[in-house]
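Here's the structure, in C-alpha cells; my notes come after.
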Amino acid sequence: MKLFPYGHATHPQWGMAANLVLAQLRAQMALHGYAGSPTLALLYITDHYAADAREILEHLSAELPEITDWSGTVGVGIASNNVEYFDEPALAVMLCELPSDQYRVFSGVAPLGLAFEAHTALVHADGQAPDVAELIEELAARTDSGYVFGGLAASRGKAVQFAVSGNGNVKGQGAASGVFSGGLSGVAFGPEVTLVSRVTQGCQPIHRAHTVTAAERNVVLTLDGEPALEVMLRELNVTLDEPREALQAVRATLVGLTEPAALDDAPQTVTRTGNFGPDVLVRHIIGLDPARAGVAVADVVTEGMELAFCQRNAQAARADLMRICAEIREELEPQEQALETAAALAQSEAEAAPHPARAIAGAIYVSCSGRGGAHFGGDSAELQIIRRALGDVPLVGFFAGGEIARHHLYGYTGVLTVFTGK
C-alpha cells in the first residue's frame with residue numbers, strides 16, 4: 001500500500017484554504033511512493049466553515065474528479081500531521097487508495113447494506129441524535145471485528161457530516177449533495193484493509209475502584225456498601241461543611257465506569273502509565289443527592305459495575321499517548337528488518353517526511369475537544385507527541401464531542417488508527 005496524500009490549511013476564506021490543500025495533494029500524488037490513483041477522501045473542517053460545508057465539498061469534488069467517495073465531519077478543531085487547528089477556519093483532507101470492493105461509504109440516507117462484509121468502520125456521529133450510543137453499538141455488532149472507531153461531530157454551529165459514494169449516485173441521496181446532519185455516517189472497511197487502532201485515556205483514578213452495590217438509573221447510591229457521596233467526599237478530602245471548596249473539588253472530578261462483563265474478561269483497568277485502560281468509560285458528575293447520599297453521573301449505572309473517581313492529568317495523558325504510539329510501532333515493526341529498510345529510516349530525510357518503510361500508509365486521530373492545546377503543554381503539542389512517537393506519517397482527524405472506539409462512546413480520550421500498508 002502506498003502513502004496516502006494529505007493536506008491541511010487555514011485561511012479566513014475557505015476557497016483559499018481548499019486551494020492550498022489541493023496544491024499539497026497534487027504535489028504528493030506526483031511523488032514516488034504516494035498513491036497516484038486514490039478514490040476515497042476523508043475531509044475534516046473546523047466549525048468556522050460549517051455553513052460553507054456544501055460549497056467546500058462541491059469545490060473539492062470538482063477539482064478531484066477521480067475521487068468518487070467522500071467521508072468526514074466537522075470539529076471545533078481539526079488535526080493533521082504535527083499540527084492542530086483550534087478555533088480558526090481550517091480544513092484537512094487525506095486521499096486513500098484502497099481496493100474498491102473493500103470499503104463502502106454509508107450515511108443515514110444510504111445505510112450500510114447487508115451485502116457488504118464489514119470488518120470494521122470509521123464512524124462520524126451527531127451527538128444530538130437520539131440513542132446515539134445504541135446506534136454505535138448496533139453498528140459495531142454488524143462488523144466482523146465488533147470494533148468501530150471515530151467520533152461525534154463538534155460544532156458551535158451546524159454539526160455536518162460528509163458522505164458521498166460513487167460520485168453521489170447513491171439511491172436516496174437526492175438533494176442532500178453529500179452533506180448531512182443527524183445519525184451516523186462513515187466508511188466501512190473489508191477484511192483486506194488492515195488497520196491497527198488504540199485508545200488513549202486522559203484521566204487518572206484518584207483512588208482504587210469500587211463496586212457499585214446500589215444505583216437508580218444515573219444515581220449511584222452505594223459503593224462497596226457505603227453511601228456513594230461519603231466515599232467521594234472522603235477520597236477528595238473535602239466536606240459539605242465547606243461547600244465552596246467541596247464544589248470546586250467535585251467540578252474537577254469525573255468517574256470511570258467499567259461494565260461487569262469487561263471485568264469478567266480480566267481487562268487492563270489501569271495501564272502502566274497510571275491511566276484507565278480501554279474498558280473504562282469516563283463520565284461527568286452531574287449532581288449530588290444529599291438526601292440519599294448519592295452521586296449522579298452522566299450515564300446509566302447498574303449494580304456490579306466498577307466505579308473509580310478520577311481527574312484529568314496532563315502528564316499521564318502525554319505518557320499514555322506515547323504508550324499507544326509505541327504499541328502500534330511495535331506491532332508493525334518486524335522482528336527482523338531488511339538492511340535497506342533500516343538504512344532508509346536512519347536517513348535524516350526519512351525523519352522529515354512520511355516514508356513507506358514505516359509500514360503506515362496513513363492515520364486517523366480523533367481526540368476529545370477538551371484535550372487539545374494547553375492541556376498537553378501548548379499549541380499542537382498533542383499532535384507533536386504523536387509525530388515524535390509514531391514517526392512522520394500522513395495523518396488527519398478532528399477534535400470531537402465524544403470519541404468512538406470498540407462499541408463504546410468515550411470522553412476525554414484519543415483514538416489513533418493507522419492503515420498499516422501491509
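The values are calculated or read from the model by the stated rules, or taken from the named source; none is laboratory data. These numbers come from a predicted model, not from an experiment. Here Cβ is always computed from backbone atoms with ideal geometry, including for glycine, and neighbour counts include all displayed protein chains. Remember, those area values only see protein heavy atoms, side chains included, never the ligands or the DNA or RNA. Shrake-Rupley method; radii C 1.70, N 1.55, O 1.52, S 1.80 Å.
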Would you be able to say whether some residue in segment 244-253 is over 27 Å from L409 (Cα atoms), modelled with pLDDT of 90 or more, basic (K, R) and not in a loop (DSSP other than H, G, I, E, B)?
-> no
Please note which strands (runs of 3 or more DSSP E) are completely contained in segment 100-201 and include at least 1 residues that are touching a residue at least 40 places away in the same chain (Cβ under 8 Å) and farther than 20 Å from V415 by Cα.
-> 103-106, 161-164
Selection over segment 67-103 where residues are among the aliphatic types (A, V, I, L, M) and crowded, with 23+ Cβ neighbours inside 10 Å yields a count of 9
Determine whether segment 324-332 contains at least one residue that is assigned to a loop (DSSP other than H, G, I, E, B), more than 18 Å from the chain's Cα centre (by Cα) and at pLDDT below 85.
-> no
Go through (1) in contact with a helix residue (DSSP H, G or I) (Cβ under 6 Å, 6 or more places away or on another chain); (2) without any contact (Cβ under 8 Å) to a residue 40 or more places away in the chain and name the single condition L236 misses.
-> (2)
Among the residues of segment 1-20, the number that are outside any helix (DSSP H, G or I), under 22 Å from V164 (Cα atoms) and open to solvent by 10 Å² or more (accessible area, probe 1.4 Å) is 2
Residues of segment 203-240 being more than 32 Å from the chain's Cα centre (by Cα) and open to solvent by less than 30 Å² (accessible area, probe 1.4 Å), in sequence order, are A214, L229, V231, L233
From the option list A53, A23, single residue qualifying as at pLDDT 95 or above, surrounded by fewer than 15 Cβ atoms within 10 Å (Cβ to Cβ) and not polar (S, T, N, Q) is A23
